[in-house]
Amino acid sequence: MTRLTGKLEIRPAFPADAQAVEDLLIDTYLGTWKPQLTAAAAAAFEGQGKTRSYVEARLQAFRVACIDGMPAAMVDWEGNFIWALHVGRAWQRMGLGGALLAHAEAEITRAGHREVRLETDTFNVQSRAFYRRQGYVEIDTYPDESWDSGFTTVLLSKSLAQA
């Protein structure tokens, strides 16, 4: 793990963070998903504007990890399901993902849930290894219909300690 320089703050996303968060999501798409997609699937995804729509619809629910005030990572959850956890490529392996995940798990626990769930894809060995290190167990697989790609989604679960 690389040493983090700068001040880390985890906070709710502000409306002014929308473009930075969209850029972060595009950055992780380019580094993780696009290399796995067919050219046709990538072109279809990029032409749909889903990233901007997602940010517009859910920004108020996001928590961001900021370095010196600039969003470097984000997490989004609802109930006991984590919809997204993204760390910009320049900020990976510095503890931001673990810090955001711990933050989300604490809030999910505080809301009374005993388990947290999330998904990744089988090809994403980096994320699967990260979640295993955080105590998640792979409990199911099924076709990923989001990307028209032939990917397989992995459902992960972790039991939460109750306060």
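Quick rundown of the values:
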quantity	calculated
Pick from the stretch 116-134, criterion among the β-branched types (Val, Ile, Thr) and surrounded by fewer than 20 Cβ atoms within 10 Å (Cβ to Cβ), ranking: nearest to Leu24 (Cα to Cα)	Val125
Pair list, Cβ < 8 Å and 6+ apart or interchain, from the stretch 1-26 residues that are over 17 Å from Arg63 (Cβ atoms) and surrounded by fewer than 11 Cβ atoms within 10 Å (Cβ to Cβ) to residues that are modelled with pLDDT under 95 and not aromatic (Phe, Trp, Tyr)	Met1/Arg93; Met1/Met94; Met1/Gly95; Thr2/Arg93; Thr2/Met94; Arg3/Met94
Test set (1) over 14 Å from the mean Cα position of the chain (by Cα); (2) touching a residue at least 24 places away in the same chain (Cβ under 8 Å); (3) outside any strand (DSSP E or B) - Ser53 fails condition number	(2)
Condition met for Leu59 (closer than 17 Å to Phe14 by Cβ, of a type in the set (A, V, I, L, M), touching a Leu at 6+ places or on another chain (Cβ under 8 Å) and in a helix (DSSP H, G or I))	no
In the stretch 103-138, the residues that are part of a strand (DSSP E or B) and β-branched (Val, Ile, Thr)	Val116, Thr120, Val137
Condition check for Thr32: touching a residue at least 24 places away in the same chain (Cβ under 8 Å) and over 12 Å from the mean Cα position of the chain (by Cα)	no
Those residues of the stretch 84-102 which are in contact (Cβ under 8 Å) with a residue 40 or more places away in the chain, in a loop (DSSP other than H, G, I, E, B) and not basic (Lys, Arg), in sequence order	Gly88, Met94, Gly95
Test: residue in the stretch 97-115 that is more than 17 Å from Leu25 (Cα to Cα), within 16 Å of the chain's Cα centre (by Cα), among the acidic types (Asp, Glu) and surrounded by 17 or more Cβ atoms within 10 Å (Cβ to Cβ)	yes
Selected residue (only one of Leu100, Leu37 is under 23 Å from Asn124 (Cβ atoms) and in contact with a Ser or Thr (Cβ under 6 Å, 6 or more places away or on another chain))	Leu37
Among (1) surrounded by fewer than 16 Cβ atoms within 10 Å (Cβ to Cβ); (2) modelled with pLDDT of 95 or more - the single one Asp68 does not satisfy	(2)
Residue ID - modelled with the highest pLDDT, chosen from residues in the stretch 139-162 that are part of a loop (DSSP other than H, G, I, E, B), surrounded by 16 or more Cβ atoms within 10 Å (Cβ to Cβ) and not acidic (Asp, Glu)	Leu160
Glu46 being part of a helix (DSSP H, G or I), charged (D, E, K, R) and surrounded by fewer than 18 Cβ atoms within 10 Å (Cβ to Cβ)	yes
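The values are calculated or read from the model by the stated rules, or taken from the named source; none is laboratory data. Here the structure is a predicted model, which is why all the values come from computation and not from measurement. Using ideal geometry, Cβ is built from the backbone for each residue, glycine included, and neighbour counts are taken over all protein chains shown.
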